Amino acid sequence: MRYLTFALAKGRLAKKSLDMFEKIGITCEEMKDKDSRKLIFTNEELGMRFFLAKASDVPTYVEYGAADIGIVGRDTILEEGRKLYEVLDLKTGNCRMCVCGPESAGELLKHHERIRVATKYPAIAKDYFYNRKHQTVEIIKLNGSVELAPIVGLSEVIVDIVETGTTLKENGLAVLEEICPLSARVVVNQVSMKRENERIGRLIQDLRDLVQEENS
Ligand code: PRP
């Protein structure tokens, strides 16, 4: 039997997705060993393999079929714009993509000023400002701690993920506009979906039942 290969986004989502797999009878003991430097883990009985990848690489592995299934945040799916099927909302890792900044920047947004927008998500920011708001802005790509940008004067606003809002609050910033809700999603390679329809279909159904149970 061909292995079914899973790519899981490293970080907060990984633990949550592994917990969910465990609840539907898919375990991978090897993966829990935090000290291990191994990159890929196999469960021979189930005919499954799992690996952790940088979140932004998960859609790439899935599009090319190096992984049949991926678990990754909707932020990454939108940003990467890869060809894949998004099949299930795991309703975990819930947060929002927002335009944030000091309260004073609200006026600049309202008047469609040509402002600078710092973000780890240039594609999402571009789509929002150009296609939804029809506002011309300058987008500056950063790789982390984006909240710094308006504080030190790199940009007027940021486009970033807001979960609890603590980071914003502690830095004197606020949500100015909401772009979209986010959560962890299951994505599937388009060819795998046909070739492994039965195995993948069953797995998705089990996950769907679990999500329903946990959210009812
Ligand atoms: C994310 C996001 C915000 C923060 C939001 O950053 O970019 O900075 O979490 O969470 P909160 O609303 O609960 O405070 P992450 O921890 O992934 O780090 P990075 O931005 O430095 O990559």
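Tabulated data for the structure shown
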| item | result |
| --- | --- |
| Cα-based equivalent ellipsoid of the chain: semi-axis lengths in Å, sorted from largest, via gyration tensor | 36, 17, 15 |
| Mean-position separation - Cα centroids, the range 165-216 and the range 1-22, in angstrom | 13 Å |
| Size of charge dipole - the chain - debye, nearest 20, with Cβ of Lys, Arg +1 and Asp, Glu -1, no other charges | 480 debye |
| Heavy-atom SASA rank of Ser145, Ser192 (probe 1.4 Å, accessible area, largest first) | Ser145, Ser192 |
| P(r) histogram, all alpha-carbon pairs of the range 128-204 included - 10 Å bins from 0, percent | 14, 34, 22, 17, 13, 1 |
| Accessible-area ranking of Arg185, Arg132, largest first, probe 1.4 Å | Arg132, Arg185 |
| Within the chain, longest stretch free of exposed GluC sites (Glu not before Pro) [DSSP loop, at most 11 other beta carbons within 10 Å] | 46-216 |
| Using alpha carbons only: equivalent-ellipsoid semi-axes of the range 34-105, gyration tensor based, whole Å | 30, 16, 12 |
| Local electrostatic count, Gly165, Cβ distance below 13 Å [Lys/Arg +1, Asp/Glu -1] | -3 |
| In Å², nearest 10: area of Val191 left accessible to a 1.4 Å probe | 90 Å² |
| Gap separating the Cα centres of the range 108-139 and the range 61-105, nearest whole Å | 19 Å |
| Helix 12-23 vs. the chain, principal-axis angle (Cα, 0 to 90°, nearest 10) | 30 degrees |
| Loop chymotrypsin sites (Phe, Trp or Tyr not before Pro), the range 83-149, which have at most 13 other Cβ atoms in a 10 Å radius of their Cβ (DSSP) | none |
| Computed over the range 42-157, the ratio Rg/Rh where both radii use C-alpha atoms and Rh is Kirkwood | 1.08 |
| The range 162-216 pair-distance distribution - Cα-Cα, 5 Å bins, rounded % | 4, 14, 15, 14, 12, 11, 10, 9, 7, 3, 0 |
| For the chain, built as a Gaussian network whose Cα springs stay under 10 Å, the top-fluctuating residue of Thr119, Thr76, Thr164 | Thr164 |
| Given charges at Cβ of Lys, Arg, Asp, Glu: the chain dipole, positive-most of Tyr121, Met193, Phe21 | Met193 |
| Acute angle (nearest 10 degrees) that the helix 197-214 long axis makes with the longest principal axis of the chain, alpha-carbon atoms | 60 degrees |
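The values are calculated or read from the model by the stated rules, or taken from the named source; none is laboratory data. The shown structure was predicted, so the numbers you read here are calculated from the model rather than taken from an experiment. Note that we place each Cβ from the backbone using ideal geometry, even for glycine, and neighbour counts take in every protein chain shown. These accessible areas exclude ligands, DNA and RNA; they are computed on the full protein's heavy atoms, side chains included. Shrake-Rupley method; radii C 1.70, N 1.55, O 1.52, S 1.80 Å.
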